[in-house]
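Worksheet: the structure to be examined is printed underneath.
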């Protein structure tokens, strides 16, 4: 029996195609994955992301605990409401999970972790807590739901749907959050567009979903979420990084704080590794579709794609690939697609931001 | 959507229509396009190539996944629907209208052995459970 979010009935009413995603019954699309993708790039779309888990970390030692646990530095969270993207590493320097940490109040943080890794994360957090900060409380918030509303018109349509929310969130800078009653409204997302992620009591979720539908926000499924995040050059856990690969070889060096004297789990292993590979963008130069785990041949050695798809915004196929560290931008490489060699161009990602292609001057 | 009774079908979700000149047109079924989702790429067989019944003869890709196309009959490829290269979404819009290629069948008996609409509907039904 699959887990269901509080919006499951709402998805069924919209005739969603429901699939098993990390043990959760989630909408893949509501008719057209590409149409949903365009809605987010051009107007506003919303995603049920309640399968992801909010975990509250509370107590006087919460900050010290997260300083010892996370690869990014929570000292960077100066004011309540600020958010930070970070990996949680194992002792070997592999990625246990990636997450967003919100600083809510002194002694109060909230982590949002992936659905498929939530149980593993809770066990890992408990184990590290016992070692680093036994007094800190770790509370899994399965009582909460999360809706992401994304796109150039997302904020405006959210405000239309939630009277009073505009006053609370109009001045919110990117990558920060504010409370609105018992909701947390964060200007974050996984699409490369402006918008909010709203965490709220599950009892409120359907009413917000329906109010946003009435404001003209298109429901969007996990299919569009994947094409949007890949165009935006955002990693997907389990695909572009996992426990066996260093964040330095997964395009995540910018999130690993090796500069401060702070000691955190996995720091030594990551600091000692000399990366041999790196994550780079690919654009297919012929017809076809790049997918994950296709072999790539370069002048510097071999590698493989970690994520690939058709990009609805660009009208061609894109991928992330883990290739030898010497691979530069603007090189043509071979990709084996179902036994046949195709040519792809290496590019700097993100591929798309705020509805606009970022690769046009990288192709010829 | 109803399964057209004038067509024949394979258990790999191709439809086959006999034309007045004895050649056959081939496409994928409504059920197949629904399972695949938004189509973004069609790799058609080469005109002039010969295939055996059941042989892989092309690929169709959606945003989600790639799927092989199989020759429903043995024979020679006479034509492919070039308009699908730039507009594979036509298959999503009307799968039974969007023919993909035409074959001159080697053996008319193979045509008789294909599924009829009621036989194919049982396959669709079995897959939805």
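The values are calculated or read from the model by the stated rules, or taken from the named source; none is laboratory data. Worth saying up front: this structure is predicted, and the values here are computed from it rather than measured. With ideal geometry, Cβ positions are generated from the backbone for all residues, glycine too; neighbour counts draw on all protein chains shown.
Run down A:173, A:163, A:219, A:201 and say which single residue is at pLDDT below 95 and outside the structural domain of residue A:102 (by TED's automatic domain parsing).
When all the criteria are applied, what remains is A:163.
For the stretch A:74-108, how many residues meet the condition of being touching a helix residue (DSSP H, G or I) at 6+ places or on another chain (Cβ under 9 Å) and closer than 18 Å to residue A:172 by Cβ?
Here is the first cut: in the stretch A:74-108, the residues touching a helix residue (DSSP H, G or I) at 6+ places or on another chain (Cβ under 9 Å) are A:74-75, A:77, A:82, A:84-99, A:101, A:103, A:106-108.
So of that shortlist, the ones also closer than 18 Å to residue A:172 by Cβ come out as A:77, A:82, A:84-85, A:101, A:103.
The qualifying residues number 6.
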Matching residues, the stretch A:293-305, being more than 12 Å from every other protein chain (Cβ to nearest Cβ) and in a loop (DSSP other than H, G, I, E, B) | A:293, A:299, A:300
Could we say that residue A:259 is under 27 Å from residue A:185 (Cβ atoms) and more than 22 Å from the chain's Cα centre (by Cα) here?
-> no
Where residue B:122 falls short, out of the listed (1) touching a strand residue (DSSP E or B) at 6+ places or on another chain (Cβ under 9 Å); (2) more than 14 Å from chain A (Cβ to nearest Cβ); (3) in contact (Cβ under 8 Å) with a residue 24 or more places away in the chain = (3)
Can you name the helices (runs of 4 or more DSSP H) wholly within the stretch B:6-119 that have at least 3 residues being more than 14 Å from chain A (Cβ to nearest Cβ)?
-> B:108-112
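With A:308, A:339, A:315 as the choices, which residue is loosely packed, with under 14 Cβ neighbours inside 10 Å, within 14 Å of another protein chain (Cβ to nearest Cβ) and within 25 Å of the chain's Cα centre (by Cα)?
So the residue among A:308, A:339, A:315 that is loosely packed, with under 14 Cβ neighbours inside 10 Å, within 14 Å of another protein chain (Cβ to nearest Cβ) and within 25 Å of the chain's Cα centre (by Cα) is A:315.
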Looking at the stretch A:212-248, which of its residues are within 14 Å of chain B (Cβ to nearest Cβ), in contact with a helix residue (DSSP H, G or I) (Cβ under 8 Å, 6 or more places away or on another chain) and part of a helix (DSSP H, G or I)?
-> A:223, A:224, A:227, A:228
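More than 13 Å from every other protein chain (Cβ to nearest Cβ), surrounded by 18 or more Cβ atoms within 10 Å (Cβ to Cβ), within 18 Å of the chain's Cα centre (by Cα) and over 23 Å from residue A:314 (Cβ atoms) - does that describe any residue in the stretch A:3-11?
Our first condition is that a residue be more than 13 Å from every other protein chain (Cβ to nearest Cβ); within the stretch A:3-11, this holds for A:3-11.
Within this subset, residues satisfying the condition of being surrounded by 18 or more Cβ atoms within 10 Å (Cβ to Cβ) are A:5-8, A:10-11.
Add one more test, that the residue is within 18 Å of the chain's Cα centre (by Cα), and what stays is none.
Within the stretch A:3-11, none of the residues are more than 13 Å from every other protein chain (Cβ to nearest Cβ), surrounded by 18 or more Cβ atoms within 10 Å (Cβ to Cβ), within 18 Å of the chain's Cα centre (by Cα) and over 23 Å from residue A:314 (Cβ atoms).
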Among the residues of the stretch A:276-292, count how many are within 14 Å of another protein chain (Cβ to nearest Cβ) and either free of Cβ contacts under 8 Å to residues at least 12 places away in the same chain or within 20 Å of the chain's Cα centre (by Cα) (or both).
-> 3
Check whether at least one residue in the stretch A:81-103 is closer than 24 Å to residue A:244 by Cα and either within 14 Å of chain B (Cβ to nearest Cβ) or over 21 Å from the mean Cα position of the chain (by Cα) (or both), and report yes or no.
-> yes
